[in-house]
Amino acid sequence: MFNVEQYKGSKQENYLLAEKQLIALVEGEPNRIANLSNACALLNQLLDEVNWVGFYLVENDGLVLGPFQGLPACIRIPFGRGVCGASAAERKTYRVEDVHQFPGHIACDAASRSEIVIPLIKGDELIGVLDIDSPITNRFDAIDEEMLEKFTHTLVKYL
């Protein structure tokens with residue numbers, strides 16, 4: 001049974017607590033969709049000032065919508081298109097202060113102002129990306145980037 005935690009520590013401490021919760025939720029569960037769904041719900045609970053948290057998964061020559069929390073979203077994104085497609089194509093994290101300044105940005109939710117996208121890589125295989133949007137410009141900082149990369153690195157072990 002999952003107990004809702006009050007994240008009262010520093011930003012790093014809260015992310016580390018969420019990572020421990022993630023392990024408790026997914027350890028021993030072989031189903032990828034179930035694990036991604038719980039990871040998504042956990043991040044949505046942890047993070048304030050976000051309006052979309054979810055995963056896009058690799059399928060053929062692009063990304064397809066996976067587990068998420070937020071408004072309905074774009075279903076398919078080609079590699080190289082938008083922030084998610086760029087992150088997947090380049091296999092690197094993108095932290096975008098103002099999505100309206102990002103060339104080719106795909107606006108699934110008009111309220112989104114900033115975004116962070118982290119690729120999910122297991123061995124040499126790109127599995128997908130974690131995408132988090134915020135209605136606040138410049139919502140994500142270097143700490144978010146570092147800790148979300150750590151969180152996804154842990155998650156990938158269970159996918």
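The values are calculated or read from the model by the stated rules, or taken from the named source; none is laboratory data. Nothing here was measured: the structure is a model prediction, and the numbers come from that model. Virtual Cβ from ideal backbone geometry, glycine too; neighbours counted across all protein chains shown. When the accessible area is computed, the model is the full protein with side chains, heavy atoms only, and any ligands, DNA or RNA have been set aside. Shrake-Rupley method; radii C 1.70, N 1.55, O 1.52, S 1.80 Å.
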Worksheet item: In deg cm²/dmol, rounded to 500, what helix-only [θ] at 222 nm does the chain give when every DSSP H run of at least 4 residues adds -39500 (n - 2.57) and the total is split over its residues?
Response: -11000 deg cm²/dmol
Fill in: Relative intensity, log₁₀ I(q)/I(0), of the stretch 100-159 from a Debye sum that treats every alpha carbon as a point, q = 0.13, 0.18, 0.19, 0.25 Å⁻¹
-0.40, -0.71, -0.77, -1.04
Worksheet item: Within the chain, which is the longest segment containing none of the trypsin sites (Lys or Arg not before Pro) that sit in a DSSP loop and have at most 13 other Cβ atoms within 10 Å?
Response: 9-90
Worksheet item: With contacts defined as alpha carbon pairs under 8 Å and 6 or more residues apart, what's the relative contact order of the chain in percent?
Response: 23 percent
Discussion item. Order 55, 79 by their accessible area, 1.4 angstrom probe, all chains in place, largest first.
Written reply: 79, 55
Discussion item. So with the 1.4 Å probe, I'd like the accessible area per residue for the stretch 1-92, rounded to whole Å².
Written reply: 54 Å²
Discussion item. Loop-only chymotrypsin sites (Phe, Trp or Tyr not before Pro) in the stretch 97-159, please: DSSP not H, G, I, E or B, and at most 11 other Cβ atoms within 10 Å.
Written reply: none
Worksheet entry | Accessible area, probe 1.4 Å, largest first, for residues 108, 84 | 108, 84
Worksheet item: Using Cα-only point scatterers and the Debye equation, what is log10 of I(q)/I(0) for the chain at each q in 0.18 Å⁻¹, rounded to two decimals?
Response: -1.09
Worksheet item: Farthest toward the dipole's positive end in the stretch 27-114, which of 57, 43, 103, given Cβ charges of +1 (Lys, Arg) and -1 (Asp, Glu) about the Cα centre?
Response: 103
Worksheet, complete the sentence: By accessible area (1.4 Å), largest first, 48, 133 order as 48, 133
Worksheet, complete the sentence: Links exceeding 20 Å between C-alpha atoms in this model, out of 11/122; 92/150; 92/157, come to 11/122
Practice prompt. Specify the inter-centroid distance of the stretch 1-72 and the stretch 96-159, based on alpha-carbon positions, in whole Å.
Written response: 12 Å
